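Undergrad: My questions will all concern the structure given below.
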Amino acid sequence: MKRRTLIQTAGGGALGLLGAGLPLFGYAQDRFAKYKGQTVVLSIPAHPHYDAMVKLLPEFTKQTGIKVEVDKLAMARMKDKQLLEMAKPSGDYDLICYVVMWKGEYVKKNLIRELDPFFKNAALADPNYDFKDVVPRYVENMGLVGGPKGYLAGPGAKLYGMPYGAETSVLAYRRDIFAKHNLKAPDNYTEFEKLLPILKDKAGIGALTSRGQAGHQCVHAWLLHLNPLGGKVFDDKWNPIFNNETGVKALNFLKLVSDTGPVGIPGYGQGEMITSFLQGQAAMYLDSSLIFGQVNDPSKSKIAGQVSYVVHPKGVRHSSQSGGLGLAIPKNAKNADAAFLLMQWLTSKEQDKAVCRIGGVPSRNSTMMDQDMVRQYPEYITLRQQLEYSDPDWRPIIAEWDEINIQALGVAVSEALTGKKKAKEALDGIVPKVTDIMKRGGYLKG
Amino acid sequence: MRTPAWVPWVYLGPAVAVMAAACLYPLLSALQLGFYDWSMGTPWGEAKWVGLDAFSRAFQDPSVWRSLRTTLLFAFVCVTAEMVLGIALALALEGQVRAMAFFRTLFILPMMIAPIAVGLTWRYLFDAQFGLINAILAVFGHAPVGWLAQENTAFMAIIIADIWQWTPFVFIMMIAALANVDGAVLEAARVDGANWWQTTFRVKLPMVMNVIAITLLMRLIDAFRVLEVIYILTFGGPGESTEILSLHIYKTAFVGQRLGGAAAISVLLLIVVAGLSWFALRLSNPLKDEER
């Protein structure tokens, strides 16, 4: 009777509207029954994917009886709060959304739980979950810790989180502008470099929008170019090599992007970067696939229906970023099992499609292959191609990365963007600081 | 009957003890933290004793000195401008001006807005593409300016935001002080032939000098603690051009995860602020008349 009621409810209302499937929950009642009435406290950022996710939560509560309390914070403030909560003997959070760069640190500090025991627990695990359907690059990038370099798949790697709000980089361009001026989207960095000033000149708007604000934002933008151009931050023995010829070339390219882009790029965070493209101030966008849901939203975009996508241009290799957000269960969670059930529900095939329909980003291959979804988001075809090149090692997400990213590279790249220093001078200038951080972290002898 | 000497201590003791604990505990904790290498999110038991290492690093770190210089310049420009503007506004509006209540309310509004909201508001105002400031410039045919994209203009932007938010504080302190100036003294000055200029600078302002000193002190301390607005507006950039010491401490603690290092720099900041406060109080100590 209870099961029938659940299925009847599921057939209509919000679930029907969002298109969530039924079979998963047909078998679900026993799995959830034990946790009915519990409240999962979920820490999330202000972020388009999670804004969409929040709309799904009432359905989760309706189906499972598990309540969800959301603590939403600005992305930049979320980590401090999470660290404080997770350091207590008993914290307030049962489930946290984390930025990929934090995974190593959280594991190193013993703050989050390994997920294998949950997935192996027959009382909790959903037999229809189909783990292999979750984009493997995303799983590697977002979830694995302890493998090669500490953050890649391989011997020693264990699963600590699931991708949810994960992303890669794609090149979006204004089809109308390119057609008007008889231009072609760049296939490689040689074409890309030539195109920027031409586009700026012909289109009369910025060529390519980009992040550029000091700290994480400008480093993210620089790394986007460094990887396809063949560069890395460290060599295999963790010696800094970001100041080599490739590093300088990537930074000079970013300077060109800034000079030919919309005014003010050295002050742009992710928000300004996206807005300038959506509001028609730039002809191209090369960044997170997060933009898919926003381009055709008339409340945010003036360029709906005028955007096409191609894969990230090739340098010496095809490469794109791999990052974004994931879900993990704190060590000190009071309702860890219920938190796992919520995580499993959110990352299920059905809910992955559901969140994408309302502006989220996909984490599963089945979502990107689904014909209805592709009709709504033709860009998933490009995304699938791009994911083949998505590089989980595009930045070294060791525990020390935040400091290197924000307090060393984030200053040098910013100074080169404003023209205060030449690219080579700026990057050379922070090698001692980065070396010092790596020595402190035990990666280098000193 | 004469009150025994210990009686005031009995009355004041508990309040003084609570105040002392509230002030001293965090201070001593910060000092203690400065001697340890401890990362947030790990048990305190795992903290490593490093002695004076964090203090030594703080003194040798060029970023700390650069941030200190930026902080001093920021504090000097902001506090000077706020004091001058706040006093000028108070003098202009102290009398019976029409719609006085409206003006007073209007002027104190910025002070009541949360710093995060102030940061966001000014970030949008300074936006190179869609900001109001560039829109106004465009009316006069000026090309858009990337205010937050260049070191000088970004520094100017954080100063403007601070002046906008905190001039009202000076205004409200001064207008209250000016309202308490004895009208008879001013009348006497006028009878003696003093003009507006002389009345203002030789009579009125000297009479409220104690309030000016305490306002200056409070603004000075606040200017050294400002964080949120700069965090939102520039995050210390471009480069490190707007990274004042409190933001540097924040980054050391929460980005670099070096709480000991952050505590050591905090102690440095405390010494600087204490020194400047002492200097400000030397100008005019509002408590000196109370000394026994």
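Undergrad: Say the cut-off is 22 Å between C-alpha atoms; which of A:445/B:48; A:81/A:331; A:424/B:251; A:149/A:445; A:255/A:314 go over it? Intermediate results must be reported in sequence, preceding the final value.
TA: On the way: A:445/B:48 19 Å; A:81/A:331 15 Å; A:424/B:251 25 Å; A:149/A:445 17 Å; A:255/A:314 19 Å.
Result: A:424/B:251 exceed 22 Å.
Undergrad: Using the number of other C-beta atoms within 10 angstrom as an exposure proxy, rank A:77, B:282 with the fewest first. Numbers along the way, then the final one.
TA: Numbers: A:77 14, B:282 9.
The order, fewest Cβ neighbours first, is B:282, A:77.
Undergrad: Something else: Return the average number of partner chain Cβ atoms within 10 angstrom of each residue Cβ along peptide A:266-274.
TA: Working: counts 10, 17, 6, 4, 0, 2, 7, 0, 0.
Neighbouring Cβ atoms belonging to other protein chains average 5 per residue here.
Undergrad: What angle do you read, to the nearest 10 degrees and between 0 and 90, between the alpha-carbon axis of helix A:189-203 and the longest principal axis of chain A?
TA: The two axes meet at around 80 degrees.
Undergrad: Now for a separate question. Once you average over the residues of A:103-113, how many Cβ atoms of partner chains fall within 10 Å of each Cβ?
TA: Working: counts 0, 0, 4, 1, 0, 3, 7, 3, 2, 0, 0.
The per-residue average across the peptide is 2.
Undergrad: Also, I was wondering about something else. Need one value for A:413-420: mean number of C-beta atoms belonging to other chains within 10 Å of its residues' C-beta atoms. Walk me through the numbers before you get to the answer.
TA: On the way: counts 3, 10, 6, 2, 4, 10, 3, 5.
Across the residues of A:413-420, the mean count of other-chain Cβ atoms within 10 Å is 5.
Undergrad: Order of A:294-307, A:197-210, A:52-65 by packing, highest average Cβ count within 10 Å first? Walk me through the numbers on the way to the answer.
TA: Details: A:294-307: 15.1, A:197-210: 20.4, A:52-65: 18.4.
For the peptides A:294-307, A:197-210, A:52-65, the packing ranking is A:197-210, A:52-65, A:294-307.
Undergrad: Taking only Cα atoms, what is the 0 to 90° angle, nearest 10, from helix A:216-226's long axis to the longest principal axis of chain A?
TA: 70 degrees
Undergrad: Also, quick follow-up: When ranked by the protection proxy of mean other Cβ atoms within 10 Å per residue, highest first, what sequence do the peptides A:433-440, A:401-408 form?
TA: Numbers: A:433-440: 18.4, A:401-408: 23.5.
Order by mean packing, descending: A:401-408, A:433-440.
Undergrad: Which listed residue (A:248, B:99, B:67) has the Cα farthest towards the positive end of the charge dipole for the protein assembly as shown, taking +1 on Lys and Arg C-beta and -1 on Asp and Glu C-beta about the Cα centre?
TA: A:248
Undergrad: Among the complete DSSP H segments of chain B, which ones combine at least 30 Å of alpha-carbon extent along their axis with a mean Kyte-Doolittle hydropathy of -0.5 or more? Could the numbers behind the result be given before it?
TA: Numbers: long enough: B:7-33 (38 Å, 1.55); B:62-93 (46 Å, 1.49); B:151-179 (42 Å, 1.42); B:259-283 (36 Å, 2.07).
Long hydrophobic helices here: B:7-33, B:62-93, B:151-179, B:259-283.
Undergrad: Which entries of A:232/A:421; A:62/A:349; A:62/A:334; A:34/A:132; A:194/A:433; A:62/A:158 show an alpha-carbon separation above 23 angstrom in the structure shown?
TA: Values: A:232/A:421 21 Å; A:62/A:349 18 Å; A:62/A:334 21 Å; A:34/A:132 28 Å; A:194/A:433 35 Å; A:62/A:158 33 Å.
Flagged as over cut-off: A:34/A:132; A:194/A:433; A:62/A:158.
Undergrad: Label points 7 Å out from Cα along the Cβ direction at residue B:139 and residue A:110: separation in nm?
TA: Those two pseudo-labels are separated by 6.3 nm.
Undergrad: With +1 on the Cβ of every Lys and Arg and -1 on the Cβ of every Asp and Glu, and nothing else charged, how large is the dipole of chain A about its Cα centre, in debye rounded to the nearest 20? Spell out each step's value before the answer.
TA: On the way: 56 positive and 45 negative charges, 65 e Å.
Magnitude of the dipole: close to 320 debye.
Undergrad: So which aspartates and glutamates pass the test for residue A:353, namely a Cα distance under 19 Å, with those fewer than 8 places away in the same chain ruled out?
TA: A:51, A:59, A:126, A:130, A:133, A:167, A:297, A:370, A:372, A:379
Undergrad: Report, in degrees rounded to the nearest 10, the 0 to 90 angle that the Cα long axis of helix A:431-440 makes with the longest principal axis of chain A.
TA: Roughly 30 degrees, rounded to the nearest 10.
Undergrad: Kindly rank A:117-126, A:84-93 from highest to lowest mean number of other beta carbons found within 10 Å of each residue.
TA: Taking the mean over residues of other Cβ atoms within 10 Å, the ranking is A:84-93, A:117-126.
We did not get these values from a lab; they are worked out from the coordinates using the rules stated. These figures come from a predicted structure and were not determined experimentally. Neighbour counts run over all protein chains shown; Cβ positions are idealised from the backbone, glycine included.
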